[in-house]
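Notes follow once the structure below has been shown.
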2 protein chains.
Amino acid sequence: MSLVTCDLSVSMDGFAAGPGQTRELPFGTIEHDRLHDWMFDPEAEAENRAEIDAIVDAGAFIMGRHMFGPDRGEWDLDWHGWWGENPPYHRPVFVLAHRERADLPMEGGTTFHFVTDGIHAALERARAAAGDRNVAIAGGPGTVNQFLAAGLIDELRVHVTPTIIGAGERLFDGVPPAAFEQVSARSTSIVTHLVYHPVR
Amino acid sequence: MSLVTCDLSVSMDGFAAGPGQTRELPFGTIEHDRLHDWMFDPEAEAENRAEIDAIVDAGAFIMGRHMFGPDRGEWDLDWHGWWGENPPYHRPVFVLAHRERADLPMEGGTTFHFVTDGIHAALERARAAAGDRNVAIAGGPGTVNQFLAAGLIDELRVHVTPTIIGAGERLFDGVPPAAFEQVSARSTSIVTHLVYHPVR
């Protein structure tokens, strides 16, 4: 059965993204960049291969406006996302936005679609595009928290990095009390992978 | 070598204790009580035996005022802590306090000592009492955060329970940015045990 999955890297104190996001620092400050070393550091990459592969193993993706790029109000039509001309998704990506924008097909099968009528509409379109495959909520934390608060995530994969950051955007901020079932916990040298299913 | 250890149970959103602590609800609200099911639930207790044993395997303990009992200003000399006449520590316990109080010897080897001159003084006395054994920071979160901020904890053991709570006192609140080394991660049915050492 098709699931709604979500992967998010957080610090020990629960921050998933920082203030100060720019085109040069997509995750915010340098400290927050450390949250993602386990994916991008060549040495760490091998031992975390299974979790990295799982992140992009979906039939469609949903992401927030800031995950697509810095929000300066009007669209900059030259901006095609953080990932260059061949993004790692290779499938439809639905970007939650306040302003309409034409579909943006990229190399390698990724097409960005801009959805202005909310998370439920985005999920409906993503499910249709994904078919039998999963829909992945790609971030950032604000978007993940919206989907969690609405009870729409079937599998939450939290990647905890061994650092205290002290500021930024928190996973679970504004999410009402809820119980989960633990699915697995796996620790590699610089990250611990925790998987949860909601108790419904 | 003797270490300063610390065990703390937290929710997925990082809360270690709740508002509303009373004599009947030592951890605050009922929701926060769920943080400790893995220790007190008879079924869970067996599979978490090693971690439970490690919590009280120290030569001396340090705890905050609220961990000893609800703080209503003046001492209530009839209050001997939450644990009855034979507390599970069986060793000296140094309680951080604002008011002097005479030593309180209990059954089974536990003696509560009340320390009014701060965390460094408490640690010095606890180290002397512990000899070659570890000193354990027993909580609550405010006390743990003070010791973390001062860089005094050698081994932090975080027990993550699969629940979102949304309010209370957070582990790591006010602790400055810091890097840790992951020591281990172990998941049982209703808790995940994470062990960290600070990078110094």
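Name the residues in region A:69-92 that are touching a Phe, Trp or Tyr at 6+ places or on another chain (Cβ under 8 Å) and loosely packed, with under 12 Cβ neighbours inside 10 Å, would you?
none
What number of residues within region A:144-200 satisfy the criterion of being among the aromatic types (F, W, Y) and touching a Ser or Thr at 6+ places or on another chain (Cβ under 8 Å)?
Within region A:144-200, residues that are among the aromatic types (F, W, Y) and touching a Ser or Thr at 6+ places or on another chain (Cβ under 8 Å) number 1.
This table checks each residue for (1) open to solvent by 40 Å² or more (accessible area, probe 1.4 Å); (2) touching an Asp or Glu at 6+ places or on another chain (Cβ under 8 Å).
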{"position": "A:I165", "(1), (2)": "no, yes"}
{"position": "A:V175", "(1), (2)": "no, yes"}
{"position": "A:A185", "(1), (2)": "no, no"}
{"position": "A:I190", "(1), (2)": "yes, yes"}
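Would you point out which residue out of B:V158, B:V115, B:V195 is under 22 Å from A:S187 (Cβ atoms) and without any contact (Cβ under 8 Å) to a residue 60 or more places away in the chain?
B:V195
Taking A:G14, is it on the phi > 0 side of the Ramachandran plot, surrounded by 21 or more Cβ atoms within 10 Å (Cβ to Cβ) and at pLDDT 85 or above?
yes
In region B:171-185, what residues are in contact (Cβ under 8 Å) with a residue 12 or more places away in the chain and at the interface with another protein chain (Cβ under 7 Å from one of its Cβ atoms)?
Passing the criteria: B:F172, B:V175, B:P176, B:A178, B:A179, B:F180, B:E181, B:Q182.
I'm checking my understanding of the structure. Among residues of region A:191-200 that are β-branched (V, I, T) and more than 7 Å from chain B (Cβ to nearest Cβ), which one is farthest from the chain's Cα centre (by Cα)?
If we take residues in region A:191-200 being β-branched (V, I, T) and more than 7 Å from chain B (Cβ to nearest Cβ), then A:V199 is farthest from the chain's Cα centre (by Cα).
Take region B:168-188 and flag every residue that is among the aliphatic types (A, V, I, L, M) and over 19 Å from the mean Cα position of the chain (by Cα).
B:A178, B:A179, B:V183, B:A185
Give A:E24, A:E74, A:E43, A:E31 a once-over and let me know the one that is more than 14 Å from chain B (Cβ to nearest Cβ), over 26 Å from A:A129 (Cβ atoms), in a helix (DSSP H, G or I) and modelled with pLDDT under 95. Steps first, answer last, please.
Details: A:E24 fails: in a helix (DSSP H, G or I); A:E74 fails: in a helix (DSSP H, G or I); A:E31 fails: more than 14 Å from chain B (Cβ to nearest Cβ).
Within the list A:E24, A:E74, A:E43, A:E31, the selection yields A:E43.
This table checks each residue for (1) surrounded by 12 or more Cβ atoms within 10 Å (Cβ to Cβ); (2) farther than 25 Å from B:F40 by Cβ; (3) at pLDDT 95 or above.
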| position | (1), (2), (3) |
| --- | --- |
| B:F94 | yes, no, yes |
| B:R101 | yes, yes, yes |
| B:E107 | no, no, yes |
| B:F112 | yes, no, yes |
| B:I119 | yes, yes, yes |
| B:R127 | yes, yes, yes |
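Since A:H159 meets every condition but one in (1) within 14 Å of chain B (Cβ to nearest Cβ); (2) open to solvent by 50 Å² or more (accessible area, probe 1.4 Å); (3) not aromatic (F, W, Y), which condition does it not meet?
Exception for A:H159: condition (2).
Looking for whichever is within 25 Å of B:P87 (Cβ to Cβ), in contact with a Lys or Arg (Cβ under 8 Å, 6 or more places away or on another chain), of a type outside the set (S, T, N, Q) and more than 9 Å from every other protein chain (Cβ to nearest Cβ) here; the options are B:V115, B:V144. Which one fits?
Of the residues listed, the single one that is within 25 Å of B:P87 (Cβ to Cβ), in contact with a Lys or Arg (Cβ under 8 Å, 6 or more places away or on another chain), of a type outside the set (S, T, N, Q) and more than 9 Å from every other protein chain (Cβ to nearest Cβ) is B:V115.
The values are calculated or read from the model by the stated rules, or taken from the named source; none is laboratory data. Note that the structure is a prediction, hence the values are computed from the model and not measured. In this analysis, Cβ positions are derived from the backbone assuming ideal geometry, glycine residues included, and neighbour counts consider all displayed protein chains. Please note that ligands, DNA and RNA were not included when accessible areas were found on the heavy atoms of the full protein model with its side chains. Shrake-Rupley method; radii C 1.70, N 1.55, O 1.52, S 1.80 Å.
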